[in-house]
There are 2 protein chains.
Amino acid sequence: MTDTAPTRIVFLLFPGITQLDFTAPAQALSRMPGARLAGAAATREAIVTDSGFAIVPTHDFAACPQADILCVPGGHGVADALGDAEAVDFVARQAAGAQWVTSVCTGAFLLGRAGLLAGRRATTHWAYTHLLPLVGAEPAPGRVVEDGNIVTSGGVTSGLDFALTLIARLRGDAVAQAIQLAIEYDPAPPFAGGHPDHAPAAVTEGLKARVYDAATARMAAALGG
Amino acid sequence: MTDTAPTRIVFLLFPGITQLDFTAPAQALSRMPGARLAGAAATREAIVTDSGFAIVPTHDFAACPQADILCVPGGHGVADALGDAEAVDFVARQAAGAQWVTSVCTGAFLLGRAGLLAGRRATTHWAYTHLLPLVGAEPAPGRVVEDGNIVTSGGVTSGLDFALTLIARLRGDAVAQAIQLAIEYDPAPPFAGGHPDHAPAAVTEGLKARVYDAATARMAAALGG
C-alpha cells in the first residue's frame, strides 16, 4: 500500500446501525488520499439507522468489491444482525481478503460471530466489554485496540480516534494530523464523564438500568451466552 | 419546553453536506427524551454527502413541520447552497418559528445568508471565521458560541460539543451526561493539533494551500465578498 495506491474501505451497513459509528470513521477516512469508500448491505434498499435516518448502500453484498480495510460499525441492530447468516458470511469473506479488519462499538461482536476474534485482544462499547469472551476475545483496555491486523475500537465516538490512528499508520502522521485539523477534532466535551471510569456512578448506573442491562442481555442471548 | 414535551429538531440537508456535521448532533440529539428528528431538502430524493454516501430526507421543504430546534450543518456544498433561494428561504422561515437556531461548521453562512447573524456573535470552521463579517456576524472565540437563541459551532466534530451543551440546557446536566456516556465521548485524539492554535504551523499551512485557500475564496465569492 503506497501513498498513491487506491485503498478500498468497505463498511457493513445493517438496520439499526448507529449512524455515528459509521459516519465518524467514514468522514475521516474519506479524506485519506487514495481512499475509495463503499457501504454494503444485503440489498441496495436504504437502511434505517438508529437515529431514524436512511442511508443508501453503495453496493449489495454480491457486487461489493474486496476491501483493503473492512469496517464493521455497531448499534442496537447488531443483536439482530448476528442472526443474519448472509451478513456474517459477508464479514467472514471480506475479512479473509482484507489487509485490515476493524470494528467500532458493538460491531466487534459481528467480527466475533464471523470467527475473527478467537484469541484476540479486543474492545467494544464499555457496556459490552464483559461479553467479548462469548466470541473468544480477550477484553483489552484502550479506546483503540490493535492485535495483528484486527483493530477494534470502543463505543460510538471512538471511531474518530480509531480512524485517525489507522490513517497515521497507513499514510503517516502528517496526513492524519491534517485530517484531524480539517475536521477540527479538538474536542471540548461539556462533561468529564464520557467513560464509566470517570462518570458519576449515578449516571452510569441509571444508564445501565434504563438501557444497557436489557441491551446487553439481548446481545448475550444472540451470542448464545 | 418540559421534560416530556416533544421537541422537533429539523436538519437542513443539501448536496455536498459534511456527513459528520449532520450525524454528530443528530446522534446525540436523537437520544434526548422527547426528540423528534427530521431532515429536510428540496425533494425527498437522496442527497449525496461529501463522503460519497446518500441520505434520504425525511421531508421535503413544503411538508417539513416547524422546528423547535433548527440545525444547519456545513460542508463544501454550502457555497452552492448559498445560491439556492429555496433552501435559504426554508432556513429563514423555519428560523422565524424556532426556539433555537443553530449551525455546525460552515452552516453558519447559510444562517447568515438568511439574515439571521446580523450583529450576532458567531463561530464556524476555523478556516472560515474571517468571512463571518460578510454576513454581518462578529467572529467570537469558542467551539460553541451562543448569542440569544442562536448557537453556532466550530468545524465538523464540534457538533458533538454543541449538541451535548444544548441538551444540558434543555433537559439538564444528568440527561446530557448520560448521552455523553452512552456515545462514549471520552475523546483521545492521536494528535494535539485539532485546531490551528496548537497544530504544527506546517500542517495548517499545507492544509490551507491544498484545500482552504481555494475553498474560502469560493465561499467569499458566493457571499459576494
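Numerical summary
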item	result
Candidate set from the range A:157-173 (those that are aliphatic (A, V, I, L, M) and buried (at least 24 other Cβ atoms within 10 Å of the Cβ)); member that is farthest from the chain's Cα centre (by Cα)	A:I167
Hey, A:L132 open to solvent by less than 10 Å² (accessible area, probe 1.4 Å), more than 14 Å from the chain's Cα centre (by Cα) and not acidic (D, E) or not	yes
The range B:3-41: number of residues that are among the hydroxyl-bearing types (S, T, Y) and buried (at least 24 other Cβ atoms within 10 Å of the Cβ)	2
Those residues of the range A:174-193 which are within 7 Å of another protein chain (Cβ to nearest Cβ) and open to solvent by 20 Å² or more (accessible area, probe 1.4 Å), in sequence order	A:A174, A:Q177, A:D186, A:P187, A:A188, A:P189, A:P190, A:F191
Single condition B:G154 does not satisfy, out of (1) under 20 Å from B:D50 (Cβ atoms); (2) open to solvent by 50 Å² or more (accessible area, probe 1.4 Å)	(2)
Contacts under 7 angstrom Cβ, first residue in the range A:205-225 being touching a residue at least 12 places away in the same chain (Cβ under 8 Å), partner outside any helix (DSSP H, G or I) and open to solvent by less than 20 Å² (accessible area, probe 1.4 Å), 6 or more apart	A:A222/A:L82; A:L223/A:L82
Members of the range B:77-99 found to be open to solvent by 30 Å² or more (accessible area, probe 1.4 Å) and hydrophobic (A, V, I, L, M, F, W, C), listed by number	B:A85, B:A92, B:A96
Residue check for B:A62: open to solvent by less than 40 Å² (accessible area, probe 1.4 Å) and of a type in the set (G, A, S)	no
Candidate set from the range A:135-148 (those that are open to solvent by 50 Å² or more (accessible area, probe 1.4 Å) and more than 13 Å from chain B (Cβ to nearest Cβ)); member that is nearest to A:T7 (Cα to Cα)	A:G148
Hits in the range B:161-173 - residues which are in contact (Cβ under 8 Å) with a residue 40 or more places away in the chain and either among the aromatic types (F, W, Y) or at the interface with chain A (Cβ under 7 Å from one of its Cβ atoms) (or both)	B:F162, B:L164
Qualifying positions in the range B:48-72 - in contact with a Leu (Cβ under 7 Å, 6 or more places away or on another chain) and part of a loop (DSSP other than H, G, I, E, B)	B:S51, B:G52, B:P57
The lone exception for A:A214 - which of (1) at the interface with chain B (Cβ under 9 Å from one of its Cβ atoms); (2) over 29 Å from A:A95 (Cα atoms); (3) surrounded by fewer than 18 Cβ atoms within 10 Å (Cβ to Cβ) it fails	(1)
Residue list for the range A:104-128, restricted to those being of a type outside the set (A, V, I, L, M, F, W, C), open to solvent by 40 Å² or more (accessible area, probe 1.4 Å) and without any contact (Cβ under 8 Å) to a residue 40 or more places away in the chain	A:G115, A:G119, A:R120, A:R121
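The values are calculated or read from the model by the stated rules, or taken from the named source; none is laboratory data. The model shown is predicted, which means the values in this text are computed figures rather than measured ones. Ideal geometry is used to build each Cβ from the backbone, glycine not excepted, and the neighbour counts take in all protein chains shown. Areas reflect the complete protein model, heavy atoms only, side chains present, ligands, DNA and RNA absent. Shrake-Rupley method; radii C 1.70, N 1.55, O 1.52, S 1.80 Å.
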